[in-house]
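Step one of this worksheet: look at the structure below.
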């Protein structure tokens, strides 16, 4: 007999879930769920009283699309999140790092996207561009390090405006290394290899 999924076990008789119920399923805050809805990532319907409700099927689709079932423990290897608004560079980095063994890679293209991926992908390491529109890399790094759930995440920053000031601000925000752009492929590979090995030893 087919086993019911976790959504059915949580709310077997309810076609709709509240923001709080969705937040409990995914182990995030209700604020994060509201942000997903506002950005159109998770479809919601609004009641006559103005309350958001989420169809269980839509929640299941969102979970499948974002790999959210047991994200922190599902699958082997080290998880890396690459955050940069330069999509061409992100593609290059992903291709370059595809040769690093036991490394799973996810991408984000702005600060908000990075925040969402931190919740759903739960990376061990973040490779983060400092100069992005909107929420910049310094702020993203500070948020990662100030959140109890993500503070142990390793952050490696990168910038096209390499300077002692930017490097110092980056390290002060909690990053462990600041790389200059254009990226040196050998340096990047060495840094990531070392980070993956260190993470695996935890």
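For the chain, a Kirkwood hydrodynamic radius built from all Cα pairs, placed in the Stokes-Einstein relation at 37 °C and 0.692 mPa s, yields a translational diffusion coefficient of 180 µm²/s.
Projected onto its three principal axes, the C-alpha set of region 100-166 covers 32, 27, 20 Å, listed from the longest axis down.
Considering only 182, 19, 123, the Gaussian network model of the chain with Cα springs below 10 Å gives its largest mean-square fluctuation to 182. Taking 7 Å steps out from each Cα toward its Cβ at residue 131 and residue 112 produces label points 2.3 nm apart. A simple packing score, the average count of other Cβ atoms within 10 Å per residue, orders the peptides 175-181, 100-106 as 175-181, 100-106, with the highest score first.
Computed from the coordinates by the stated procedures, all read-outs in this text should not be read as laboratory data. Not measured: the values here are computed from a predicted model. Cβ: placed from backbone, ideal geometry, glycine included. Neighbour counts: every protein chain shown.
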